[in-house]
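The structure appears below as structure tokens.
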Amino acid sequence: MRFFNSSYCGRFAPSPTGPLHFGSLVAAVGSYLDAKFNRGKWLVRIEDLDWQRTVPGAAKEILYTLEALGMEWDDTVVYQSQRTKIYQDALNELNQLGMIYPCTCSRKEIADSSILGLHGPIYPGTCFKNRLPVNGAHSLRIHTHNHPILFYDILKGEYSQKLNSEVGDFVLRRADGIYAYQLAVVVDDAAQLISHVVRGADLLDSTPRQIFLQQSLGYYTPQYLHLPVVTNALGEKLSKQTHAAPINLSRALMQLFLALEFLGQEPPNEIVDGDIASFWQWAIGNWRVKQIPY
Ligand code: GLU
Ligand code: ZN
């Protein structure tokens, strides 16, 4: 019999673009430990909406690796590719509020007309200003405002962004029909009653977009904790694009040990000579958010 703290529900939401690597392992371990330390639930969601980036078999491999590392999820795994109807419903709701408009700009037009902001090109709202009848391929954007969106990250503290001037109106459905990460993540975090989002700091600057969508859809805002991002010797974020090595399960305990150390925890060296169960017992009992470097 397990007792859950019903006010904590966390999640790990990998994109199945390849096997788990050390960077994604750190996000998995951090979200798992924070949930378990707080006696909460920990869910896994496969973010496989972008079929051009999804690698067949990768989701299965990620789940297998998590299991082999002793990280058990507390409810059925959710696949975003099976949930497009609920993203469309949310989009319809925003459309009824008059917030959505079609955009026919090509990549090149956007690159030529935008200012490059800190978070990428800032869409200047061309298609919002001259609303033309559209037929043919178009993306759907949400019209943003410029009141600062402020939140407190558990680790990094106060963070604030003015969406319209710093990010611009952003895409919720691409011209190829794929629902954008920003929309899907917000709908799913709400549908799964996620209370705490623990993930890599590369997503810190996406959070105000997500809070804006939550506010527009009448959802609550979860707590956020953004973990340090693992980089390689060149200072690049570990990812499939930077050819990060997959987690080697023959050295499972060592990988977990290194992930824990990366998160600023101080596991005793002998822990790698034990078994996975005693590793987690130590790691959960000794989880200290304050020690995570940021
Ligand atoms: N699927 C996203 C990624 O792998 C993470 C989404 C999230 O944690 O909000 O980068
Ligand atoms: Zn446009």
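What the table below lists for this structure:
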{"read-out": "S31 modelled with pLDDT of 95 or more, within 13 Å of ligand 1 (Cβ to nearest atom), open to solvent by 30 Å² or more (accessible area, probe 1.4 Å) and within 20 Å of the chain's Cα centre (by Cα)", "value": "no"}
{"read-out": "Which numbered condition V134 fails, given (1) farther than 30 Å from S7 by Cα; (2) within 15 Å of ligand 1 (Cβ to nearest atom); (3) among the aliphatic types (A, V, I, L, M)", "value": "(2)"}
{"read-out": "Among the residues listed as D89, D48, the single one being open to solvent by less than 90 Å² (accessible area, probe 1.4 Å), among the acidic types (D, E) and farther than 19 Å from A27 by Cα", "value": "D89"}
{"read-out": "Qualifying residue in segment 89-96 (condition: at pLDDT 95 or above and either among the small types (G, A, S) or within 16 Å of ligand 1 (Cβ to nearest atom) (or both))", "value": "yes"}
{"read-out": "Top-ranked residue in segment 183-204 [being part of a loop (DSSP other than H, G, I, E, B) and of a type in the set (A, V, I, L, M, F, W, C); ranked as nearest to W42 (Cα to Cα)]", "value": "I194"}
{"read-out": "Every residue from segment 215-229 that is over 15 Å from the mean Cα position of the chain (by Cα) and either closer than 15 Å to A28 by Cα or outside any loop (DSSP other than H, G, I, E, B) (or both)", "value": "Q215, S216, L217"}
{"read-out": "Options A191, A252: the member that is closer than 22 Å to K36 by Cα, crowded, with 17+ Cβ neighbours inside 10 Å and more than 16 Å from ligand 2 (Cβ to nearest atom)", "value": "A252"}
{"read-out": "Matching residues, segment 34-45, being open to solvent by 20 Å² or more (accessible area, probe 1.4 Å) and either modelled with pLDDT under 95 or in a strand (DSSP E or B) (or both)", "value": "K41"}
{"read-out": "Residue identified as basic (K, R), away from ligand 1 (no atom under 14 Å from the Cβ) and closer than 23 Å to L238 by Cα among K36, K60, K85", "value": "K60"}
{"read-out": "Search result, residues across segment 253-272 that are under 23 Å from the mean Cα position of the chain (by Cα), part of a helix (DSSP H, G or I) and not aliphatic (A, V, I, L, M)", "value": "Q255, E261, F262"}
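The values are calculated or read from the model by the stated rules, or taken from the named source; none is laboratory data. Only a predicted model underlies this, so the values are computations on that prediction, with no experimental measurement involved. In this analysis, Cβ positions are derived from the backbone assuming ideal geometry, glycine residues included, and neighbour counts consider all displayed protein chains. The area values use the complete protein model at the heavy-atom level, side chains included, leaving out ligands, DNA and RNA. Shrake-Rupley method; radii C 1.70, N 1.55, O 1.52, S 1.80 Å.
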